[in-house]
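Notes follow once the structure below has been shown.
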Amino acid sequence: MTGIGDPQALVDHLPIGVFVYLVVGPNRFDRILTNRFYEQLFGLNRRRTDPQTPPPEGDWAIFGPLKSQMELARQSKRTVSFDWQIQDAPMDRHMTCQVNPITDADGHVIQLLGTVMDRSAERRAERNMMHNALHDPLTGLPNRVLFLDEVEGSIERLEKTTDQHIGVLLLNVDRFKLINESFGHVAGDEFLVTLASRLNGCMRQNDVLARLSGDEFAILVHGITESSQIVALADRIHVEMREPYRIGSNEIHSSVTIGIASTLTGTISAEDLVRDADFAMHSAKAKGKAQTQIYHRESHHRAQSLFQLETELRKALSNEELELYYQPIVDLRNGRVTGVEALCRWNHPDRGWVSPGEFIPLAEETGLIVPLGRWALKESCLQLSKWTETYPDAKDVVMSVNVSGIQFAQDDIVGEVERALTYTKVDPSRLRVELTESALIENPDAARDILTRLREIGVEIAMDDFGTGYSSLNYLHTFPIDILKIDRSFIAEINGNPEVAKIVKTILMLAEAFDLRCVAEGIETEDQAKSMAGLGCHFGQGFFYARALPPEQSDGLFVDFAPDGTKE
Ligand code: C2E
Ligand code: CA
Ligand code: CA
């Protein structure tokens, strides 16, 4: 009989597995009914014609868990539900199962009726979702989340061992943007996939490779005892990278920059380890392409405090915490103050005085030198116009302002000078711009043009720190320059070192021939002042006369100096 009246046909239509086992004895069951779904699930044959045939479950190998749950139901006489997972190939099933005891009139369990639901597809979908959340779709490698998790797990395991450490290599592809732009994104993707497999080839089996972002990969290295082991891996990678990549019809040459951090310098969190490797990688980038850098705590701290200083300098600029001090420039023949040099000062509310030797290079590196320089230009001209009103003696004094090579290259210095002069109504002939050689040498044609325009405005131009660079006066003379400031390292040795004296003499001679005036920088003693005057140097500047002074202390600044450096 078929149709709805037939129990077998009825259960065969169910989309879940159904089975009935006869309880033969403790832990002994005979299958007496199964439906199609169940049979298909386990690849069983229906052999109900011969009830004596031993169950195809055989030794119950994969049915072990079912059997023990059936035994549980038999003993407890209760319905048992359980998750049933079979991961033996070719079976890979995740099922939920229920076994119901069927009792006779005496309360003995005589049969077990069960249902099986196949959850494998759901599980697979869940697993896929998990996988996608933790892996990079392009390369199939673990992503940042999973990588951090792996590192975290390794750190936890480390705490149980003593002499083993882990390291993290952070790799960034040099100029990856260029690869994408020149060969297209498809080629870029292919490149990344090939790179991933090359990296894989460099690692040991239990190391973990991950793709953290676009062109950034990371390797977790286990079981290291010294940093040279990680460096060796980095070296292998650099060598491997030298081989060009054949992507489509293109041959791509590329390299990676590697930053390394490890637990050798102390156990830290996964986040910190990756951040440190990232910091090292960026330091390596600063050195050029295809470099490796191991993380050093000290340089990180230095960078951090530099960063903090930068933030504070930015604030200082906008809060007008910076000041200009003024150091007189004296005519060595008669002690008359002919000019002043504006020197920037920073009195930090917590740090105290920060030396220009510290914050000027920082300002140059961060671009803050442009607003700083503009401010100095305007502020010093403003001060000059105030002095001119207050002190009749100051009416011919020239204001020297330092302009950094960086500002010179980046800013519209001619425009800035014009604006400062117009704003303060200072006569152009009373402003002198001090530049170093490097500002001119890097881009000589542009520099020559700018200097010519400054000259046309009527501003003087001084070559600062002269003698410390490499270029000859012969060459510098091709620029429109008015003044040479002989570097203070020469002045310091003028009386003790005949070689230096000879060089200074030559500089002064050439300057004379080229119609340049000279300022001796850093005069600290009367002897130095005399020697420089004796050699025919016109002007001097230095602690012997005065240090740079705040404008409030300018009373008497414009009165002539006596030969012993005191005020007359
Ligand atoms: P610089 O332009 O060569 O300035 C002269 C430096 O020598 C000043 O240092 C000054 O205080 C110092 N000095 C003057 N006389 C003597 C002396 O007799 N003995 C010794 N040992 N030193 C003397 P300071 O003020 O620390 O400035 C250092 C450098 O910072 C300057 O060198 C200049 O390159 C830069 N700087 C200072 N202010 C500014 C500014 O407003 N803009 C720019 N772009 N750079 C500035
Ligand atoms: Ca200077
Ligand atoms: Ca100087």
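The values are calculated or read from the model by the stated rules, or taken from the named source; none is laboratory data. Just so we're clear, the structure is a prediction, and the values are computed from it rather than from any experiment. With ideal geometry, Cβ positions are generated from the backbone for all residues, glycine too; neighbour counts draw on all protein chains shown. Just the protein is used for accessible areas: all its heavy atoms, side chains included, with ligands, DNA and RNA removed. Shrake-Rupley method; radii C 1.70, N 1.55, O 1.52, S 1.80 Å.
Kindly indicate the residue of region 457-471 that is part of a loop (DSSP other than H, G, I, E, B) and more than 16 Å from ligand 2 (Cβ to nearest atom) and also nearest to residue 433 (Cα to Cα) among those meeting that condition.
458
What's the number of the only condition in (1) surrounded by 14 or more Cβ atoms within 10 Å (Cβ to Cβ); (2) more than 16 Å from ligand 3 (Cβ to nearest atom) that residue 444 fails to meet?
Going through (1) surrounded by 14 or more Cβ atoms within 10 Å (Cβ to Cβ); (2) more than 16 Å from ligand 3 (Cβ to nearest atom) one by one, residue 444 breaks only (1).
Being surrounded by fewer than 21 Cβ atoms within 10 Å (Cβ to Cβ), touching a strand residue (DSSP E or B) at 6+ places or on another chain (Cβ under 7 Å) and of a type in the set (Gly, Ala, Ser) is true for just one of 318, 283, 299. Which residue is that?
283 is the lone residue from the list that is surrounded by fewer than 21 Cβ atoms within 10 Å (Cβ to Cβ), touching a strand residue (DSSP E or B) at 6+ places or on another chain (Cβ under 7 Å) and of a type in the set (Gly, Ala, Ser).
Within region 529-544, work out how many residues are within 11 Å of ligand 1 (Cβ to nearest atom) and open to solvent by less than 40 Å² (accessible area, probe 1.4 Å).
5
Considering each of 323, 243 in turn, give the residue that is among the acidic types (Asp, Glu) and either within 16 Å of the chain's Cα centre (by Cα) or closer than 30 Å to residue 517 by Cα (or both).
323
Yes/no matrix, rows are residues, columns are (1) in a loop (DSSP other than H, G, I, E, B); (2) closer than 18 Å to residue 538 by Cβ; (3) in the same structural domain as residue 381 (by TED's automatic domain parsing); (4) within 16 Å of ligand 2 (Cβ to nearest atom):
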{"residue": "439", "(1), (2), (3), (4)": "no, no, yes, yes"}
{"residue": "446", "(1), (2), (3), (4)": "no, no, yes, no"}
{"residue": "455", "(1), (2), (3), (4)": "no, no, yes, no"}
{"residue": "501", "(1), (2), (3), (4)": "no, yes, yes, no"}
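Please enumerate the residues belonging to region 376-403 that are assigned to a helix (DSSP H, G or I), within 15 Å of ligand 1 (Cβ to nearest atom) and open to solvent by less than 30 Å² (accessible area, probe 1.4 Å).
Across region 376-403, the qualifying residues are 376, 377, 380, 381, 383, 384.
Is there a residue being surrounded by fewer than 12 Cβ atoms within 10 Å (Cβ to Cβ) and at pLDDT below 95 anywhere in region 362-373?
Among the residues of region 362-373, not one is surrounded by fewer than 12 Cβ atoms within 10 Å (Cβ to Cβ) and at pLDDT below 95, which makes the answer no.
Exactly one of (1) open to solvent by 60 Å² or more (accessible area, probe 1.4 Å); (2) in contact with a strand residue (DSSP E or B) (Cβ under 8 Å, 6 or more places away or on another chain); (3) under 18 Å from residue 199 (Cα atoms) is unmet by residue 169. Its number?
Among (1) open to solvent by 60 Å² or more (accessible area, probe 1.4 Å); (2) in contact with a strand residue (DSSP E or B) (Cβ under 8 Å, 6 or more places away or on another chain); (3) under 18 Å from residue 199 (Cα atoms), the lone unmet condition for residue 169 is (1).
Could you please give the count of residues in region 103-115 that are part of a strand (DSSP E or B) and open to solvent by 60 Å² or more (accessible area, probe 1.4 Å)?
So the answer is 3.
Taking the residues in region 421-437 that are assigned to a loop (DSSP other than H, G, I, E, B) and farther than 16 Å from residue 485 by Cα as candidates, determine which candidate is nearest to ligand 2 (Cβ to nearest atom).
So the residue we want is 426.
Looking at 354, 337 in this structure, which one is aliphatic (A, V, I, L, M) and away from ligand 1 (no atom under 13 Å from the Cβ)?
Exactly one of 354, 337 is aliphatic (A, V, I, L, M) and away from ligand 1 (no atom under 13 Å from the Cβ), namely 337.
Any idea which residue in region 478-508 is nearest to residue 533 (Cα to Cα), counting only those that are away from ligand 1 (no atom under 14 Å from the Cβ) and polar (S, T, N, Q)?
495
Within the set of pairs 6 or more residues apart or between chains, which connect a residue that is at negative phi inside region 265-279 to a residue that is modelled with pLDDT under 90 with Cβ atoms less than 6 Å apart?
279/300
One residue is enough: does region 176-194 have a residue meeting the conditions under 24 Å from residue 276 (Cβ atoms) and modelled with pLDDT under 95?
So far as region 176-194 goes, yes, one or more of its residues are under 24 Å from residue 276 (Cβ atoms) and modelled with pLDDT under 95.
Return the residue satisfying two criteria in turn: it lies in region 464-477 and is within 42 Å of the chain's Cα centre (by Cα) and surrounded by fewer than 14 Cβ atoms within 10 Å (Cβ to Cβ), and of such residues it is nearest to ligand 1 (Cβ to nearest atom).
That would be 470.
Being under 23 Å from residue 452 (Cβ atoms) and either part of a loop (DSSP other than H, G, I, E, B) or modelled with pLDDT under 95 (or both): is that true of residue 408 here?
For residue 408, the condition - under 23 Å from residue 452 (Cβ atoms) and either part of a loop (DSSP other than H, G, I, E, B) or modelled with pLDDT under 95 (or both) - is met.
Yes or no: residue 332 farther than 20 Å from residue 553 by Cβ and in contact with a Pro (Cβ under 9 Å, 6 or more places away or on another chain)?
Spelling it out, it is not the case that residue 332 is farther than 20 Å from residue 553 by Cβ and in contact with a Pro (Cβ under 9 Å, 6 or more places away or on another chain).
Picking from 219, 224, 230, which residue would you name as being closer than 21 Å to residue 262 by Cα and in contact with a His (Cβ under 8 Å, 6 or more places away or on another chain)?
Residue meeting the stated conditions: 224.
Would you confirm whether any residue within region 448-463 is out of contact with any Lys or Arg (no Cβ under 6 Å at 6 or more places or on another chain), within 16 Å of ligand 3 (Cβ to nearest atom) and open to solvent by 30 Å² or more (accessible area, probe 1.4 Å)?
No, region 448-463 has no match at all.
Does any residue of region 370-380 turn out to be of a type in the set (D, E, K, R), touching a strand residue (DSSP E or B) at 6+ places or on another chain (Cβ under 9 Å) and under 15 Å from residue 323 (Cβ atoms)?
Yes, region 370-380 contains at least one residue that is of a type in the set (D, E, K, R), touching a strand residue (DSSP E or B) at 6+ places or on another chain (Cβ under 9 Å) and under 15 Å from residue 323 (Cβ atoms).
Residue 191 - would you say it is open to solvent by 10 Å² or more (accessible area, probe 1.4 Å), farther than 19 Å from residue 294 by Cα, in contact (Cβ under 8 Å) with a residue 60 or more places away in the chain and of a type in the set (A, V, I, L, M, F, W, C)?
no
For region 503-528, give me each residue that is among the small types (Gly, Ala, Ser) and either surrounded by 17 or more Cβ atoms within 10 Å (Cβ to Cβ) or assigned to a loop (DSSP other than H, G, I, E, B) (or both).
The answer is 511, 520, 522.
Hey, residue 565 hits all of (1) within 27 Å of residue 392 (Cβ to Cβ); (2) of a type outside the set (Phe, Trp, Tyr); (3) open to solvent by less than 20 Å² (accessible area, probe 1.4 Å); (4) at pLDDT 95 or above but one; which does it fall short on?
(4)
For region 484-499, enumerate the residues that are surrounded by fewer than 21 Cβ atoms within 10 Å (Cβ to Cβ) and more than 16 Å from ligand 2 (Cβ to nearest atom).
492, 493, 495, 496, 497, 498, 499
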